[in-house]
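Q: Okay, handing you the structure first.
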Amino acid sequence: MSAHTTNAPLPPDGEGPPAGGGQLRRNLGFRDLVVYGLLFIAPMAPVGVFGTLDAKSHGAVALVYVIATIAMAFTAFSYAQMVKVVPQAGSVFAYARAGLGNGPGFIAGWMAMLDYLLIPAVAYLFSGIAMHELVPSVSRWVWTAIAVALTTALNLWGVRPAARVGFAVLALEIVVLLVFVVSAVVVLARDGAERGWLSPLTGDGTQGAFALSAVVGAVSVAVLSYLGFDAIASFAEEVNQEGRGALRKGGGGRRADGSAKVARAVLFCLALTGVLFVLQTYLVALMTPMSSADLAARPGDQGSAFYTAVDSGVGDWLHDLVAVSKAIGAAFAALAGQAAAGRLLFAMGRDRRLPRLLARTESGTPRVALLCAAVVTLVAAVWAARRDDGMDHLVSVVDIGALTAFFLLHASVVGWFAVRRRGGEVSWWRHVLVPVLGAAIVVAVIVEASGSAQVVGAVWLGVGLVVLVAQGMRRGGPRVP
């Protein structure tokens with residue numbers, strides 16, 4: 001297998017040969033893509049937000065995840081559309097550049113970079129806090145730094161070895177989830193449910209009649225559980241070309257086969273996590289001894305509501321097992337996020353939107369970009385780990401960048417297929433209706449985001465616009481590139 005990619009990046013106008021820079025090794029298969037996606041999302045992501053969503057939705061927490069899965073399906077579908085025509089490491093940066101032009105492309109990459117660097121920091125901090133609870137003699141910032149060092153070493157080793165280790169960790173998380181599901185089913189069959197059997201879909205009635213507005217408000221929080229499936233698209237240039245498409249003449253089939261794997265992996269990860277999220281929240285809601293009204297009146301109990309239900313229904317042993325699994329899983333969620341951040345920095349460096357040094361590769365691995373991403377996440381995670389309110393500060397600003405990038409992703413689909421008409425015959429439902437609805441959903445989530453997140457997002461966007469204008473002036477005039 002060649003150590004170099006045959007998919008050349010698009011130049012600034014979205015056409016033609018590569019602008020230069022390192023090349024990535026093609027050695028990822030469909031399973032590897034799914035592993036990275038599931039690691040980043042985390043199969044038990046609802047654990048930390050279950051209580052908040054239950055209180056917000058008046059008990060209809062499983063319905064919240066049903067709707068959230070459908071809402072995020074619009075974004076996943078747009079990713080699947082664009083990765084087939086622009087199969088590049090830059091993901092949404094490359095898509096917006098091809099569909100909308102250089103300026104929007106840079107802004108999409110710039111905004112995605114905010115989350116790709118900070119989401120791993122949150123995951124590392126979570127892992128550090130969990131390990132500190134298990135070994136209190138070691139400070140949580142030390143555990144956080146150790147998690148960064150270990151996962152960075154794996155990423156530097158190569159995308160394929162990291163995927164293999166990640167698969168083992170993911171298998172552990174799935175086993176723990178299955179243990180929870182089986183235990184919950186046994187307890188519910190033996191002792192019955194604390195709430196009505198349909199209440200996770202209709203509400204528990206303790207805060208009045210079913211309210212769609214309450215469910216929609218909770219959905220705006222629940223969609224953040226899915227962030228990470230989009231990172232799969234960052235590995236488009238590292239997918240092997242084996243399969244039926246590789247047998248076609250001229251290389252076009254080979255390229256289509258690799259991008260088709262990415263598209264399938266994006267959609268598969270979203271569908272699978274949607275099923276897992278709905279299943280586990282449905283079961284834990286039935287075992288929750290507190291009503292949604294009680295949780296709403298006691299915000300301090302919301303963060304531990306999942307564990308409280310597990311303790312009361314199954315026992316402390318499952319609580320501890322889930323906690324250990326979440327600690328290890330968080331570190332490897334950060335590994336996947338760091339890998340995606342490295343690919344984004346690599347792509348922007350290759351296009352000379354960031355320093356060209358970031359586009360260097362060694363043995364097909366963008367090690368310079370990975371190290372830069374690791375340094376930023378290390379500083380942010382350790383800083384937060386040394387503060388009592390560090391987690392709150394980090395969590396309050398993540399996600400806004402990815403949501404902005406999602407909006408530009410949807411616009412890119414319309415731009416590429418319906419405006420520029422580069423994808424052949426226009427399908428008005430795939431290339432216009434779906435992305436427009438997806439963009440509307442993203443805007444609604446941004447509006448519901450916290451004020452601090454909106455401020456940080458606006459400031460980061462402002463800095464990006466300044467950088468964009470400066471680049472345009474440096475390249476020969478005040479025109480924005």
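The values are calculated or read from the model by the stated rules, or taken from the named source; none is laboratory data. This one's a predicted model, so the numbers in the text were calculated from it and none came from an experiment. Quick reminder, even Gly has a Cβ in these numbers, built from the backbone with ideal geometry, and neighbours come from all protein chains shown. Quick note on the areas: whole protein, heavy atoms, side chains included, nothing else; ligands and nucleic acids left out. Shrake-Rupley method; radii C 1.70, N 1.55, O 1.52, S 1.80 Å.
Q: Are there any pairs with C-beta distances below 8 angstrom linking a residue in the stretch 146-165 that is closer than 19 Å to Ala327 by Cα to a residue that is charged (D, E, K, R) and part of a helix (DSSP H, G or I), with the two at least 6 apart or on different chains, and if so which?
A: Note: pairs meeting the criteria are Ala163/Asp32.
Q: What number of residues in the stretch 195-209 are open to solvent by 40 Å² or more (accessible area, probe 1.4 Å), out of contact with any Leu (no Cβ under 9 Å at 6 or more places or on another chain) and in a loop (DSSP other than H, G, I, E, B)?
A: 4
Q: Tell me, which helices (runs of 4 or more DSSP H) lie completely within the stretch 350-445 with 3 or more residues that are modelled with pLDDT of 90 or more?
A: Fully inside the stretch 350-445 and qualifying: 367-385, 400-413.
Q: Can you tell me which condition Ala89 does not meet? The list is (1) aliphatic (A, V, I, L, M); (2) assigned to a helix (DSSP H, G or I); (3) modelled with pLDDT under 90, and all the others hold.
A: For Ala89, the failing item is (2).
Q: Report yes if Ala171 is touching a residue at least 24 places away in the same chain (Cβ under 8 Å), under 20 Å from the mean Cα position of the chain (by Cα) and within 26 Å of Leu370 (Cβ to Cβ), otherwise no.
A: In short, no.
Q: Being among the aromatic types (Phe, Trp, Tyr), farther than 26 Å from Val221 by Cα, in contact with a helix residue (DSSP H, G or I) (Cβ under 6 Å, 6 or more places away or on another chain) and assigned to a helix (DSSP H, G or I) is true for just one of Phe332, Phe306, Phe346. Which residue is that?
A: Phe346
Q: State the number of residues belonging to the stretch 296-347 that are within 15 Å of Phe50 (Cα to Cα), surrounded by 23 or more Cβ atoms within 10 Å (Cβ to Cβ) and among the aliphatic types (A, V, I, L, M).
A: 3
Q: For residues that are farther than 20 Å from Gly303 by Cα and either without any contact (Cβ under 8 Å) to a residue 60 or more places away in the chain or more than 20 Å from the chain's Cα centre (by Cα) (or both), tally how many sit in the stretch 23-69.
A: Matching residues across the stretch 23-69 total 5.
Q: Here is a further query. On the basis of being open to solvent by less than 30 Å² (accessible area, probe 1.4 Å) and either under 17 Å from Leu114 (Cα atoms) or among the small types (Gly, Ala, Ser) (or both), does Ala444 make the cut?
A: It is false that Ala444 is open to solvent by less than 30 Å² (accessible area, probe 1.4 Å) and either under 17 Å from Leu114 (Cα atoms) or among the small types (Gly, Ala, Ser) (or both).
Q: Suppose we filter the stretch 305-327 for residues that are of a type outside the set (Val, Ile, Thr) and farther than 18 Å from Arg195 by Cβ; how many remain?
A: Selection size over the stretch 305-327: 11.
Listed here are the residues, each with its yes/no results for (1) over 27 Å from Val459 (Cβ atoms); (2) charged (D, E, K, R); (3) open to solvent by 30 Å² or more (accessible area, probe 1.4 Å).
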position: Gly401; (1), (2), (3): no, no, no
position: Phe406; (1), (2), (3): no, no, no
position: Val414; (1), (2), (3): yes, no, yes
position: Val419; (1), (2), (3): yes, no, yes
position: Gly424; (1), (2), (3): yes, no, yes
position: His431; (1), (2), (3): yes, no, no
position: Gly438; (1), (2), (3): no, no, no
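Q: So, in the stretch 264-295, of the ones that are of a type outside the set (A, V, I, L, M) and open to solvent by 30 Å² or more (accessible area, probe 1.4 Å), which residue ends up farthest from Pro46 (Cα to Cα)?
A: Selected residue: Arg264.
Q: Do we have Gly22 as assigned to a loop (DSSP other than H, G, I, E, B) and either modelled with pLDDT under 90 or surrounded by fewer than 24 Cβ atoms within 10 Å (Cβ to Cβ) (or both) here?
A: It is true that Gly22 is assigned to a loop (DSSP other than H, G, I, E, B) and either modelled with pLDDT under 90 or surrounded by fewer than 24 Cβ atoms within 10 Å (Cβ to Cβ) (or both).
Q: How many residues does the stretch 106-127 hold that are within 13 Å of Ala380 (Cα to Cα) and open to solvent by less than 10 Å² (accessible area, probe 1.4 Å)?
A: Within the stretch 106-127, residues that are within 13 Å of Ala380 (Cα to Cα) and open to solvent by less than 10 Å² (accessible area, probe 1.4 Å) number 5.
Conditions (1) modelled with pLDDT under 85; (2) in contact with an Asp or Glu (Cβ under 7 Å, 6 or more places away or on another chain); (3) under 23 Å from Ala68 (Cα atoms), marked per residue:
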| position | (1), (2), (3) |
| --- | --- |
| Ala189 | no, no, no |
| Arg195 | no, yes, yes |
| Pro200 | no, no, yes |
| Ser225 | yes, no, yes |
| Asp230 | yes, no, yes |
| Glu242 | yes, no, no |
| Gly253 | yes, no, no |
| Lys261 | no, no, no |
| Arg264 | no, no, yes |
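Q: Next question, about the same structure. Pull up the stretch 82-105, narrow it to residues that are aliphatic (A, V, I, L, M) and within 21 Å of Ala336 (Cα to Cα), then point me to the one that is surrounded by the fewest Cβ atoms within 10 Å (Cβ to Cβ).
A: The extreme case among them is Val83.
Quick grid of which residues meet (1) in contact (Cβ under 8 Å) with a residue 12 or more places away in the chain; (2) out of contact with any Pro (no Cβ under 8 Å at 6 or more places or on another chain):
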{"site": "Phe306", "(1), (2)": "yes, no"}
{"site": "Asp316", "(1), (2)": "no, yes"}
{"site": "His319", "(1), (2)": "yes, yes"}
{"site": "Val322", "(1), (2)": "yes, yes"}
{"site": "Ser325", "(1), (2)": "yes, yes"}
{"site": "Ala333", "(1), (2)": "yes, no"}
{"site": "Ala341", "(1), (2)": "yes, no"}
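Q: When the residues of the stretch 150-176 are narrowed to those that are of a type in the set (A, V, I, L, M) and open to solvent by 60 Å² or more (accessible area, probe 1.4 Å), which ends up nearest to Phe30 (Cα to Cα)?
A: Ala168
Q: Can you tell me which residues in the stretch 26-50 are in a loop (DSSP other than H, G, I, E, B), modelled with pLDDT of 75 or more and open to solvent by 10 Å² or more (accessible area, probe 1.4 Å)?
A: Passing the criteria: Arg26, Gly29, Ala42, Gly48, Val49.
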